[in-house]
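One structure is given here, and the rest of the page talks about it.
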Amino acid sequence: MSKVCIRKTRFHVCSAILVAGFLMLCGRLFFLQVIQAESISAEVDTVRKRLVRIEAKRGDILDRNGNLLAGTRSQILLGADPQMVDLTKRDQLAMLAGVIDMPFTDLMEKLGRRERIDSSGTTRQVRWVPVKEINEDLYQSVQGLKVQGVYGNRRYDRYYPGHELGSHVIGYINKEQTPVMGVEHALDYYLKGQVGWRETEVDGRRREMAAFREREVTPRNGLHVELTMDLFVQSVIDSAMEKLVEETNPAGASIIVSDPTTGEVLGMANYPTFDPNSFWDFPIENQRNRALTDQYEPGSTFKIVPISAALEEGIIDPETIINCGEEWKNFNGVRIHMPSDHRNLGEISVRKVVTKSSNRGAAQIGMMLGEKRMYEYARAFGFGRSVGWPLMGEISGTLMPVDKWDGLTISRLPTGYAVGATPMQVHLAMSTIANDGVRLRPKILRRVINPEDENQLALEPGKGDRVISKETARLMQEMLVSVVSIEGTASRAELTGYAVAGKTGTSRKIIDGQYSTTNHFGSFSGFFPANKPRVVITVVVDDANVSGPAYGGLVAAPTFKRIGENLIPHLAIRKPQNWEPLLVSND
Amino acid sequence: MSPILRRETTLYKQILSLLVVLAVITVSGCLGLLWLRQKIELTAQATRTLEVEIAKEERRLRYIDTKIAEIHQPHYLERQIQRLGLNLRPPMADQIVYLDGYPQYQTNRPEESDAYPTEREKDPFRYSIDLAVMKSLTPVD
């Protein structure tokens, strides 16, 4: 065989191998890129591609001065991998126990749990033991200790720095991050924002490869909500409530403070209450906003309705004489037994009926007004219908239509019985008098703020309705001042130097279907300064534990005074111009 | 060398030169792409690091916000007064002297709305955060 022939053969063999190699490569490529392309790309997508959810930050809830009422903050669940922790380093672990304020033995017990038995009975290594929930400051200290195997998982929690302060209004977010009540629930649409997402890829160690980010929708943070509440006013109310509870140990109580000219609620508190940061530690009934969800028979505070109505209709004037000595009275051909007063007041003026809170006098005025007008005015003042509370949970109370009244209703309704009202309804009726006869809807939500572009959305509750004329309202204001005097039933609500107008109420509770002689609702609703009202304060005390009947003037009026005294400097409520402070003269 | 052979040699040389130029362009292009890719990767990583930093700072700010809100609570301040033994209490009505032009309490009344600074409306947080008190007040509970 010639050399040329050998070379040719080699050449052909080499070429054949090369061609075969290329063909195999092409075949493999065809297999991977065409036949298995779909499944492989799906696998790559599963392993490498990630759709990352980008959480939006929930907006804050602020008071009228920008103080934070509810915010979001990070919490760290500190945990450890027992396999990694060196239990022989006792000094370091003792320091850790000290930093997180946990007994050393408890910590060692947690870290010593290295194995567990799963449901199939197999022994497995424990890789994560939760130790304690701590804040950012503590976590920084823990990180400074550099304990091997100890690390934290961060999560975001809603935080309420005021704790119980205004909890019934603010509401809370539960463990599932669902808004449950109050502003948190009602304005969730604005507060929650809009989550974003990002399509990206990760490497083999699940670290994001930022260069391979494909599409991204940025999240929109939640908007801030500003309330009409005032943190300081709320704190004054809470302190007054604490004192009230300490002194009278009631079954429940509600306090509302608002500006009568705008309807803005400056503060609201209920007892019993709860801390939204640890809502699970309190009975569920503590979450009830009693000022709006509980109805009671308001008693004498309701008398402002028939008297205002009769004045408005021109049936009476403040000096009209009413005979409060009559025990029986005929009405529409029916002989009615009149409600009693604590003593026989005889013939007194309408002004005195208000001052002395005469039941018989109020009942007579109601009869003079007639059933239809009595009902219409009660409705106009807001009883038996929604007050327009912007948050959920409000009830309408009970005010039966005239065709369902029994023979006695016309004599009982004017005294505040046969009607179920929430403390807010009573409060708004008094606010109507204070606001010169115009009834406003309560306002708690002030505006929604976008912190990014400073846009604002004002939340206006709507216009008010005129219930009585300005002249009638002024007459009522004047008469109600006499209630808060030494002659009246609410002398304990007096504020030195200020004319205070208001009305007490004491009603018997219905227990087992009967009016109790020992359990009462005591209330006081009033405003000051009487000539130019700045605040309306309503205090309702359910079953105060005092010796004798829990009169509104006894249990609720002092709380009004306590709150009023603290609000004067804060709200800069000036004394009337004609009032002169008592000066010690050298003469 | 015959003219035909010379022309062929020149042609081969030209082809070879073209191939070399093509190879150089291809290789440098590939290297350029690689460099670009690496730069993109580095920029993306830097962006990501900054994002993490921003998130961390935002988290810290939020935490500080809640902490400031905590120490601004009237109840907390009352406890501080007790703890420090300061005999402080709110002023009585008779102790307040009103000056002309003193801004009234913020209400929605149109006649009073001008008395308030517009900045408060714009940035409520500016009025809630007072870093100066952070150092002087440390939580007691």
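The values are calculated or read from the model by the stated rules, or taken from the named source; none is laboratory data. The shown structure was predicted, so the numbers you read here are calculated from the model rather than taken from an experiment. Cβ placement follows ideal geometry from the backbone for every residue including glycine, while neighbour counts extend to all protein chains displayed. What goes into the accessible areas is simple: the full protein's heavy atoms, side chains included, and nothing from ligands, DNA or RNA. Shrake-Rupley method; radii C 1.70, N 1.55, O 1.52, S 1.80 Å.
What length, rounded to one decimal in nm, is gained on full extension from A:GLU376 through to A:GLU319, with 0.36 nm per residue of separation minus their alpha-carbon distance? Mind showing how you got there, number by number?
Details: separation 57, 0.36 × 57 = 20.52 nm, distance 2.46 nm.
Full-extension gain reported as 18.1 nm.
So who's got an amide H within less than 5 Å of the one on A:ASN65, skipping anything under 5 residues away but keeping other chains? H placed 1.01 Å off N, in plane.
Excluding prolines and chain starts, which carry no amide H, the hits are A:LEU231.
If you average the sequence gap of Cα pairs under 8 Å that are 6 or more apart and divide by the length of the range A:231-570, what percent do you get for the contact order?
Numbers: 752 pairs, mean separation 74.6, N = 340.
Across the range A:231-570, relative contact order equals 22 percent.
Filter the GluC sites (Glu not before Pro) in the range A:199-246 down to the DSSP loop ones having no more than 12 other Cβ atoms within 10 Å, then list what survives.
Numbers: sites: A:GLU199, A:GLU201, A:GLU208, A:GLU214, A:GLU216, A:GLU226, A:GLU242, A:GLU246; in loops: A:GLU214.
Answer by residue number: A:GLU214.
Among A:LYS303/A:LYS561; A:LYS352/A:LYS561; A:LYS303/A:LYS532; A:LYS575/B:LYS67, which pairs are too far apart, with a Cα-Cα distance over 27 Å? Could you put the intermediate results ahead of the total?
Numbers: A:LYS303/A:LYS561 22 Å; A:LYS352/A:LYS561 23 Å; A:LYS303/A:LYS532 22 Å; A:LYS575/B:LYS67 38 Å.
Exceeds cut-off: A:LYS575/B:LYS67.
Once the convex hull of the alpha carbons of the range A:243-293 is built, what does its volume come to per residue, in cubic angstrom?
Values: hull volume 5.3 nm³, N = 51.
Given the Cα convex hull of the range A:243-293, per-residue volume reads 103 Å³.
Please list the equivalent ellipsoid semi-axes of the range A:37-126, computed as the square roots of five times the alpha-carbon gyration tensor eigenvalues, in descending order and whole angstrom.
35, 34, 12
With θ set to phi - 60°, apply the Karplus curve 6.51 cos²θ - 1.76 cosθ + 1.60 along the range A:267-277 and write out the HN-Hα couplings as whole Hz, x wherever there is a Gly or Pro.
x, 7, 9, 10, 10, x, 10, 8, 9, x, 6
For the range A:475-491, in order, what is each residue's ³J(HN,Hα) by Karplus, 6.51 cos²θ - 1.76 cosθ + 1.60 with θ = phi - 60°, in whole Hz (x at glycine and Pro)?
The phi angles translate into 4, 5, 4, 5, 5, 6, 5, 5, 5, 9, 9, 4, 7, x, 8, 10, 5 Hz.
If I model a spin label as a point 7 Å beyond the Cα along the Cα-Cβ vector, how far apart are those points for A:MET102 and A:LEU29 in nm?
With each label placed 7 Å out from Cα toward Cβ, I get 5.9 nm.
Using a 1.4 angstrom probe, figure out how much accessible area chain A has per residue, in square angstrom, rounded to the nearest whole.
Details: 27990 Å² over 587 residues.
Spelled out: the 1.4 Å probe surface of chain A, per residue, equals 48 Å².
What FRET efficiency comes out for the pair A:ASN545/A:ASN135, r = Cβ-Cβ distance, R0 = 30 Å, nearest 0.05? Don't jump to the answer; show the numbers that get you there.
Values: r = 40 Å, r/R0 = 1.32.
Efficiency computed from Cβ-Cβ geometry: 0.15.
For the protein assembly as shown, build the charge dipole from Cβ charges (+1 Lys, Arg; -1 Asp, Glu) around the Cα centre, then report which of A:GLY27, A:SER523, A:GLN364 sits farthest towards its positive end.
Positive-most Cα among the choices belongs to A:GLY27.
What quantity of accessible surface, computed with a 1.4 Å probe and excluding non-protein components, is buried in total between chains A and B, in Å² to the nearest 100? Let's see the in-between values first.
On the way: alone 30150 and 13170 Å², together 38740 Å².
The contact between B and A buries close to 4600 Å².
Compute the distance in nm between two label points, each set 7 Å from the Cα along the Cα-to-Cβ direction, one at A:ASP281 and one at B:MET1.
Once both label points are built, they end up 9.9 nm from each other.
Leaving out ligands, DNA and RNA, what percent of the accessible area of chain A is carbon and sulfur, probe 1.4 Å?
Values: 14530 of 27990 Å².
The C+S portion of the solvent-accessible surface of chain A is 52 percent.
Using the basic label-point model (7 angstrom from Cα toward the beta carbon), what is the A:HIS337 to A:LYS463 distance in nanometres?
4.9
If you split all Cα-Cα distances of the range A:231-570 into 20 Å bins from zero, what percentages do you get per bin, shortest first?
33, 58, 9, 0
Around A:GLU264, which amide H atoms from residues at least 5 apart in sequence, or from another chain, sit under 5 Å from its own amide H, with H modelled in the peptide plane?
A:ASP259, A:LYS443
Compute the length gained on full extension between A:GLU199 and A:ALA251: take 0.36 nm times their separation in residues and subtract their Cα-Cα distance, giving the result in nm to one decimal. Write down the numbers at each step before the final one.
Numbers: separation 52, 0.36 × 52 = 18.72 nm, distance 5.66 nm.
Working it through step by step, the gained length comes to 13.1 nm.
Projected area of the protein assembly as shown, taken from the Cα convex hull and averaged over every viewing direction, in nm²? Don't jump to the answer; show the numbers that get you there.
Details: hull surface 241.8 nm².
Spelled out: convex hull of the Cα atoms, projected over all directions, averaged, 60.4 nm².
Starting from the amide H of A:THR228, placed 1.01 Å from N in the peptide plane, find each other amide H under 5 Å away whose residue is 5 or more places distant or on another chain.
Long-range HN contacts for A:THR228: A:LEU445, A:ARG446.
What does the extension gain come out to for A:ARG113 and A:TRP128, with contour length at 0.36 nm per residue minus their alpha carbon separation?
Numbers: separation 15, 0.36 × 15 = 5.40 nm, distance 0.97 nm.
Net length gain for the segment: 4.4 nm.
Near A:LYS89, which lysines are there with a Cα under 19 Å away, not counting those fewer than 8 places off in the same chain?
Straight-distance partners of A:LYS89: A:LYS110, A:LYS146.
Could you size up the charge dipole of the range A:231-570 around its Cα centre, putting +1 on the beta carbon of Lys and Arg and -1 on that of Asp and Glu, and report it in debye to the nearest 20?
Details: 34 positive and 38 negative charges, 158 e Å.
Dipole about the Cα centre, nearest 20: 760 debye.
Specify the longest stretch of chain A that does not include any exposed loop site, a site being one of the chymotrypsin sites (Phe, Trp or Tyr not before Pro) with a non-H, G, I, E, B DSSP assignment and at most 15 other Cβ atoms within 10 Å.
Details: sites that count: A:TRP128, A:TRP579.
My reading of the result: A:129-578 is the longest stretch.
Report, in deg cm²/dmol and to the nearest 500, the calculated mean residue ellipticity at 222 nm for chain A, where each DSSP H run with n ≥ 4 adds -39500 (n - 2.57) and the sum is divided by the residue count. If you can, show how the numbers build up before the last one.
Working: 19 runs with 187 residues, N = 587.
Helix contribution divided over all residues of chain A: -9500 deg cm²/dmol.
Report the FRET efficiency, 1/(1 + (r/R0)^6), for A:ASN153 and B:TRP35, where r is their Cβ-Cβ distance and R0 is 51 Å, rounded to 0.05. Walk me through the numbers on the way to the answer.
Values: r = 40 Å, r/R0 = 0.78.
Calculated transfer efficiency: 0.80.
Each residue of the range A:529-539 in turn: what ³J(HN,Hα) in whole Hz from Karplus with 6.51, -1.76, 1.60 and θ = phi - 60°, glycine and Pro shown as x?
x, 4, 7, 8, x, 10, 9, 10, 10, 10, 10
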